[in-house]
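Everything below concerns the one structure shown next.
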Amino acid sequence: MSLPAGQHDIGEHDRPRYSIGDAAEHSGLSRDTLRWYERIGLMDYIGRDHTGKRRFSNRDLEWLALIGRLRNTGMSVADMVRYAELVRAGDETLPERLQMFRNTRAEVLAQIEELRKTVEVLDYKIALYSGDDTAVRPALLIAHDSKGIRK
């Protein structure tokens, strides 16, 4: 069976099927945020049903999951929009996308190290408040921070 002119067969993964409410529930984002993402170009074309209501595909939900992870890294919305533009521009942008992800990964690893140090301090305080006199004071409690202030 042939499709009407200008239409192509899309796979199940790309078939628009979820309402904006379904997509909001799945992604943990509000409907307003989903609309905003579309307006600013963070979301590619969102399908519409016969009444004009947005319909999201599995691919859209996967994209939202990736965007959520990027948000968790602290990536700015502007950088996420830039990434979306690069993806839409095609494979010739792979080197730039790769560099973006390498930079973001390095930033995340630095954040993890800071959190590891924070856990050391919390463990020390928990031990002290639990009456453990053998707790070893973490070095970062007596070291200068990035602003030169002693903690």
What FRET efficiency would be calculated for the residue pair Ala65, Leu98, taking the C-beta separation as r and a Förster radius of 25 Å, to the nearest 0.05? 0.80
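Please state, as a whole number in µm²/s, the translational diffusion coefficient that the Stokes-Einstein equation yields for the stretch 58-120 at 10 °C and 1.306 mPa s, with Rh defined as the Kirkwood radius across alpha carbon pairs.
123
How large is the accessible surface per residue of the stretch 32-96, computed with a 1.4 Å probe and reported in Å² as a whole number?
Numbers: 3850 Å² over 65 residues.
Result: 59 Å² per residue.
For the stretch 84-130, what is one quarter of the convex hull surface built on the Cα atoms, given in nm²?
Values: hull surface 16.1 nm².
With the hull built on Cα positions only, its mean projection is 4.0 nm².
For the stretch 34-97, state which chymotrypsin sites (Phe, Trp or Tyr not before Pro) are in a DSSP loop and have at most 15 other beta carbons lying within 10 Å of their beta carbon. Walk me through the intermediate numbers first.
Numbers: sites: Trp36, Tyr37, Tyr45, Phe56, Trp63, Tyr83; in loops: Tyr45.
Taking the stretch 34-97 and a limit of 15 other Cβ atoms within 10 Å, the loop chymotrypsin sites (Phe, Trp or Tyr not before Pro) found are Tyr45.
Counting only protein heavy atoms, what percent of the accessible surface of the chain is carbon or sulfur at a 1.4 Å probe? Spell out each step's value before the answer.
Details: 5780 of 10770 Å².
After summing per-atom areas, the C and S share lands at 54 percent.
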Once amide hydrogens are built 1.01 Å from N within the peptide plane, the residues lying 5 or more places from Phe56 or on another chain with amide H under 5 Å from its amide H are Arg17, Tyr18, Ser19
Out of every Cα-Cα pair in the chain, what percent are more than 28 Å apart? 46
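The values are calculated or read from the model by the stated rules, or taken from the named source; none is laboratory data. Every value quoted in this text rests on a predicted model; they were computed, and no experiment measured them. Because the Cβ atoms are built from the backbone with ideal geometry, glycine has one as well, and the counts that use them run over all protein chains shown. Surface areas here come from the heavy atoms of the whole protein model, side chains and all, with no ligands, DNA or RNA. Shrake-Rupley method; radii C 1.70, N 1.55, O 1.52, S 1.80 Å.
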